[in-house]
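K.L.:
I'd like to ask you about the structure that follows.
The values are calculated or read from the model by the stated rules, or taken from the named source; none is laboratory data. Computed from a predicted structure; not experimentally measured. Here Cβ is always computed from backbone atoms with ideal geometry, including for glycine, and neighbour counts include all displayed protein chains. SASA here: full protein model, heavy atoms, side chains in, ligands and nucleic acids out. Shrake-Rupley method; radii C 1.70, N 1.55, O 1.52, S 1.80 Å.
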Amino acid sequence: MFTSLIASNISMLNQARHAVASLSPAQYANAPQGFHSSIGQHIRHILDHYRSLLNTQGDLVDYERRERNTPVENDPAAALIHISQVSQQLFELPARRLRLQIEGCHADAHVVTAETSSERELMFVLSHTVHHFAIIGIYLRVLGVAAPADFGVAPSTLRFQKQQASTVSA
């Protein structure tokens with residue numbers, strides 16, 4: 001299961017690589033009309049989550065401690081480098097027990113820690129990436145940039161659609 005999760009995440013990052021490579025610097029760095037964030041900001045956010053998992057402090061994962069306003073947000077070339085680095089680092093991620101730390105969402109929030117594992121967190125970053133790809137897919141359509149039909153579609157949805165198609169054709 002662990003190697004399959006790594007392969008699935010790398011596949012997602014390859015989709016990011018193709019999407020980023022298809023954009024001009026302006027399309028990548030500027031929010032489309034009517035939107036408040038850019039494709040570059042979404043890519044940076046995705047990569048920040050991967051880096052949070054890959055750069056755990058001991059066994060502690062903290063997705064809230066991440067960089068912002070980095071060159072990845074505005075420079076597609078920097079994004080491509082970081083995508084490649086994260087993809088390579090995923091191969092080195094050990095299967096192990098971890099602790100996840102988050103801050104509560106209330107004004108008087110306390111830090112909460114829960115037991116987790118690298119497998120569970122690979123599932124999370126995969127789902128998180130698909131979610132942001134769905135938003136990026138909308139941006140690509142607004143910009144008139146072609147994207148694969150399955151870009152930003154959850155694997156379970158793709159399986160369901162395939163199953164529905166085979167039921168209809170049977």
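K.L.:
What are the pairs, 6+ residues apart or on separate chains, where a residue within region 81-104 that is open to solvent by 40 Å² or more (accessible area, probe 1.4 Å) and modelled with pLDDT of 95 or more has its Cβ under 6 Å from a residue that is of a type outside the set (A, V, I, L, M, F, W, C) and not in a strand (DSSP E or B)?
P.N.:
Taking only residues 6 or more apart or on different chains, the pairs are ALA95/SER118; ARG96/SER118; ARG99/ASP59.
K.L.:
Tell me which residues, restricted to region 36-48, are open to solvent by 10 Å² or more (accessible area, probe 1.4 Å) and within 16 Å of LEU80 (Cα to Cα).
P.N.:
Residues satisfying the conditions are GLN41, HIS42, ARG44, HIS45.
K.L.:
Now for a different question. Counting only residues that are open to solvent by less than 70 Å² (accessible area, probe 1.4 Å), in contact (Cβ under 8 Å) with a residue 40 or more places away in the chain and either within 21 Å of ARG96 (Cβ to Cβ) or among the hydrophobic types (A, V, I, L, M, F, W, C) (or both), how many does region 125-170 have?
P.N.:
Of the residues in that region, 12 qualify.
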